[in-house]
Every structure is written in structure tokens, then in C-alpha cells.
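A.B. asks: My questions all concern the structure below.
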Amino acid sequence: MSETLSGRIVTETGVVKGTLRFGALIDAIEPGPADGAIIVPGFIDLHVHGGGGADVMDGVDAVRTMARMHGRHGTTSLLATTMTAPPDEVIAALTGIAEAMADAERDAADILGAHLEGPFISPNKLGAQPPAALGPDLALLRRLLDICPIKVATVAPDMGADAPIEPALMSAFFRTLTDRSARVQLGHSPCSYETAVDAFAKGATGVTHLFNAMSALHHRSPGLAGAALAHAEHGELIPDLLHVHPGAMRVGLRAIPGLYAISDATAAAGMPDGDYRLGRHTVRKCDNGVRLADGTLAGSALTMDRAFANLVEIGLDIADAARRTSTIAADYLGLGDRGRIAPGRRADLAVFDGDLTLQRVYKEGRPIDVRDA
């Protein structure tokens, strides 16, 4: 039996006023009279460390908790994201992600796999990552890939940073990931522009949280940020209005065709102010920010419904904001069944009022209760 929603429906070809008919899949988009609702594809978040008080590194129950919390904020699919940690802790986290994937919950965001953020990063640009960075260990990488589908991996071209990495080893490391359908993103690195450009040539496709935890753009030393703006096809952006100034956000959106929004959410997302865990760190949420004791931004408390609204606030129209919070991420992972509102696609939907306050969420046509969000 089909359900219907009336409003401004954000489709691949633009905004259509009318009625959306759907079951598990979208049946039809019928132009006509509409109420004031805004209907967009369910959000796809490719970088999520936690939420609802739960941290992905704590295992399967924590993964399920954070997936339920983000589902109530319009995220219908996500990548559970690890932290840099000793190998046994990363292995345990990936095992928990795989267990949660095998037993999907109806009222939670789908877990598409893992985003491996560390341990293959630079110790000289940790950001909020714990000091457990490793060099290019192919045996460990293969072991991690065997545990859980790793869809995105954040890698520093200078991972380990003890000495320059042999080009053949770097190529083999990237190839091991891409052969298993993982997207390689550069991040957590102070590397030079030239080093980053070489890494893009070796198979990296994007960057992790653009402008954050990377060498900055300077007109005589463009760094990783400059290489991303000049060469990356994809990249992440944290649109919480804290991590990146709106002006810099617009630079990234103009330069990188496949720049998409992420939450980089921690356990503090969806929770009151206070102390929470982020891997081995204790972080403090205060208002919209999450920080280490020294003031370093440590992930975020962002949810994707707020990310969508923030993108509109800085000047994107609702169709482009929907692309940046859903469609581009779906295409990046090769997900042909979601990420856009069109007949035959999954009925993963987020419904907003005219003030961009989330009202309803559907996953495969079934409502997710947003009352506790």
C-alpha cells in the first residue's frame, strides 16, 4: 500500500511541487498542489564516530545506538568511522561494525560499512586522533579489510612519518585498498602540495574533512588543502559553522565537484553538554562544539539535518544542499538505489517544514520516529 507526501519534492531535475507516492520504493512524483513541506533524499553520512552517547570504538552495541540516533535526524545510511588506535582496538571496532551490519535495525540508519580513519596517518597532524599512527603496514591493512567492508580509508601520504615512503610501497598500499573497492582519501597530514598531487596520481580520490588536520593553503606553499582544491574530485566538508568558515566552505564547494557534507559526529551528538568519549580521548561538548581539554576541535556534535540547514543558510539552494548531503555520497560509493528521489529508488526520505526543521524521516518507506531527536 502506497503512502503519500505533499510538498516541494527535491528531484534530480529540480524542485517539483506536488505529491510523492511510495512504498519501500518511490512509485511516482505527481506535480500539483502542495503544502509547505520540503522533501529531500534521506541523508548519507560517510564519516560518523558516534552519537547518542555512544562511540563506534566501543563495539556493536555502541554502533547500533549511534545509528538509531542519527536515523532520528534524517540520516538513512552511514559509514561507522574508526579512530586511530593500536591494531587490536581497530580490529575490535571493525568487528563490532561488521556485527551491526549483519543485524540491521529497522528504526536506525543503515550501516554501509566502515570509514577507516587511521591508524595510517601522520603523527605530525593528528588533530584529535590519539598518538597511535602507523606506517604503511600491508599485512595489517589486509587483515582489516578482511574483517569488515571498508568503503573509505583516510590515509596520509607521510603516514608514520619516520622516513619518506618508497613510491612502490605507497602504490601497493593504495592499490590494496582500491582493489577492495575502498575510496582512498588524503587527510591528517602536513604534506606538501607536490606530495599530495603525487598521491592523487597514485589513486587517492578525495580528502577527509577539507581544511581540517591538513597543511593549509598559502599562495607560495599550497599544501594539501591547495592540492585538494586543484586536483581532488571528491572530498568531505563539516558544515557545522565551526570547523570551516562559510567563505572557505564556498571556496571548497566551487572548486571540488564532488564535495559532500559529513557530520564527523562524536558520541556527544544528540546529547546535552558534558564529557564524552572519542576513542581514547575524553572530549567536552559545549553548545555546538566538541573539544579536547586544550581546546582542539574533536569531531563535532553535528547531525545531518542541521548540516542541510546550514548549507542553505550559507547560500545554497535546497536542491544543491540535498546533493551535498545525500546524492554525491551515494554516487561516490556507487549506490544506485538511494541518494535521490526518483521512481524505483529506495524511499529514504527526510521531510522538513518551511523553517528547515525536520518533521519526518522514512527508511525504505517506513517511518522512523523523530520525537526523541
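The values are calculated or read from the model by the stated rules, or taken from the named source; none is laboratory data. Since the structure is predicted, the reported quantities are computational estimates derived from the model, not experimental observations. Virtual Cβ from ideal backbone geometry, glycine too; neighbours counted across all protein chains shown.
A.B. asks: Residues in the range 140-163: is at least one under 17 Å from the mean Cα position of the chain (by Cα), of a type in the set (S, T, N, Q), over 30 Å from residue 371 (Cβ atoms) and surrounded by 17 or more Cβ atoms within 10 Å (Cβ to Cβ)?
C.D. replies: Yes - at least one qualifying residue is present in the range 140-163.
A.B. asks: Restricting the search to the range 1-59, which residues are touching a strand residue (DSSP E or B) at 6+ places or on another chain (Cβ under 6 Å), without any contact (Cβ under 8 Å) to a residue 60 or more places away in the chain, farther than 24 Å from residue 265 by Cα and not polar (S, T, N, Q)?
C.D. replies: 16, 17, 18, 21, 30, 31, 32, 34, 35
A.B. asks: Please give the number of the condition residue 110 fails out of (1) more than 19 Å from the chain's Cα centre (by Cα); (2) farther than 19 Å from residue 214 by Cα; (3) acidic (Asp, Glu).
C.D. replies: Result: residue 110 fails condition (1) only.
A.B. asks: Would you mention how many residues in the range 276-313 are assigned to a loop (DSSP other than H, G, I, E, B) and either exposed (fewer than 15 other Cβ atoms within 10 Å of the Cβ) or modelled with pLDDT under 90 (or both)?
C.D. replies: Qualifying residue count, the range 276-313: 8.
A.B. asks: For the range 223-260, which positions are under 15 Å from the mean Cα position of the chain (by Cα) and of a type in the set (Val, Ile, Thr)?
C.D. replies: 238 - this is the single residue of the range 223-260 that is under 15 Å from the mean Cα position of the chain (by Cα) and of a type in the set (Val, Ile, Thr).
A.B. asks: Okay, moving on. Give me the pairs, please: first residue somewhere in the range 360-373 and more than 21 Å from residue 26 (Cα to Cα), second residue anywhere and at pLDDT 95 or above and hydroxyl-bearing (Ser, Thr, Tyr), beta-carbon distance under 9 Å, and either six or more positions apart or on two chains.
C.D. replies: 373/303
A.B. asks: Kindly evaluate residue 305 against the criterion of being in contact with a His (Cβ under 7 Å, 6 or more places away or on another chain) and of a type in the set (Asp, Glu).
C.D. replies: It is true that residue 305 is in contact with a His (Cβ under 7 Å, 6 or more places away or on another chain) and of a type in the set (Asp, Glu).
Here's the yes/no breakdown for (1) farther than 28 Å from residue 50 by Cβ; (2) in contact with a Phe, Trp or Tyr (Cβ under 8 Å, 6 or more places away or on another chain); (3) surrounded by 22 or more Cβ atoms within 10 Å (Cβ to Cβ); (4) among the hydrophobic types (A, V, I, L, M, F, W, C):
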position	(1), (2), (3), (4)
204	no, yes, yes, yes
210	no, no, yes, yes
232	no, yes, yes, yes
242	no, no, no, yes
247	yes, no, no, no
261	no, yes, yes, yes
271	no, no, no, yes
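A.B. asks: Hey, another quick one. Answer yes or no: is there a residue in the range 319-327 that is closer than 26 Å to residue 252 by Cα, in a strand (DSSP E or B) and more than 17 Å from the chain's Cα centre (by Cα).
C.D. replies: Scanning the range 319-327 turns up no residue that is closer than 26 Å to residue 252 by Cα, in a strand (DSSP E or B) and more than 17 Å from the chain's Cα centre (by Cα).
A.B. asks: Given the range 150-242, what strands (runs of 3 or more DSSP E) lie entirely inside it while holding 1 or more residues that are aliphatic (A, V, I, L, M) and closer than 15 Å to residue 122 by Cα?
C.D. replies: 150-155, 183-186
A.B. asks: When you go through 180, 175 one by one, which is the residue that is out of contact with any strand residue (DSSP E or B) (no Cβ under 9 Å at 6 or more places or on another chain), at pLDDT 95 or above, under 21 Å from residue 332 (Cβ atoms) and not β-branched (Val, Ile, Thr)?
C.D. replies: 175
A.B. asks: Right, next: Just to be sure I understand the filter: pairs with C-beta atoms under 9 Å, separated by 6 or more residues or on different chains, first member in the range 252-275 and hydrophobic (A, V, I, L, M, F, W, C) and in a helix (DSSP H, G or I), second member crowded, with 18+ Cβ neighbours inside 10 Å and at pLDDT 95 or above. Which pairs pass?
C.D. replies: Final answer for the pair search is 253/237; 253/259; 253/311; 253/316; 253/324; 255/228; 255/229; 255/232.
A.B. asks: Looking only at the range 347-359, count how many residues are in contact (Cβ under 8 Å) with a residue 60 or more places away in the chain and either under 17 Å from residue 34 (Cβ atoms) or polar (S, T, N, Q) (or both).
C.D. replies: Of the residues in the range 347-359, 8 are in contact (Cβ under 8 Å) with a residue 60 or more places away in the chain and either under 17 Å from residue 34 (Cβ atoms) or polar (S, T, N, Q) (or both).
A.B. asks: Oh, and also: Residue 109: touching a Leu at 6+ places or on another chain (Cβ under 9 Å) and either under 30 Å from residue 356 (Cα atoms) or aliphatic (A, V, I, L, M) (or both), yes or no?
C.D. replies: yes
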